[in-house]
Amino acid sequence: MEVEAAKMIGAGLATLGLGGVGIGLGNLFSHFVAGALRNPSAAPKVFPNLLLGAALTEALGIFSLLIGLLVLFG
């Protein structure tokens with residue numbers, strides 16, 4: 001196998017984590033909306049935790065993309 005082909009395969013495998021990030025963010029926000037509709041008075045208390053979870057989940061996606069780019073161009 002050529003080196004360029006191995007780099008492409010490795011970069012593609014490294015960026016598979018972005019799919020997990022999309023699923024995770026969808027679950028996070030859908031469960032927040034469902035909980036906020038059930039108990040609207042508790043929604044402002046939980047919202048900062050929602051933002052923290054979304055930021056950490058998005059950071060994992062950015063790290064996955066970074067690793068993919070490092071494999072491809074490094």
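The values are calculated or read from the model by the stated rules, or taken from the named source; none is laboratory data. Quick caveat, the model's predicted, so the values are computed rather than measured. Glycine also receives a Cβ, built like all others from the backbone with ideal geometry; neighbour counts cover every protein chain displayed. Accessible surface is based on the protein model in full, side chains and every heavy atom, while ligands, DNA and RNA are left aside. Shrake-Rupley method; radii C 1.70, N 1.55, O 1.52, S 1.80 Å.
Key figures
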item	result
Meets criteria (without any contact (Cβ under 8 Å) to a residue 24 or more places away in the chain and open to solvent by less than 90 Å² (accessible area, probe 1.4 Å)) for ALA14	no
Complete set of residues in region 41-58 that are open to solvent by less than 80 Å² (accessible area, probe 1.4 Å), under 16 Å from ASN27 (Cα atoms) and of a type outside the set (Gly, Ala, Ser)	VAL46, LEU50, THR57
Any hit, region 19-34, residues being surrounded by 15 or more Cβ atoms within 10 Å (Cβ to Cβ) and in contact (Cβ under 8 Å) with a residue 40 or more places away in the chain	yes
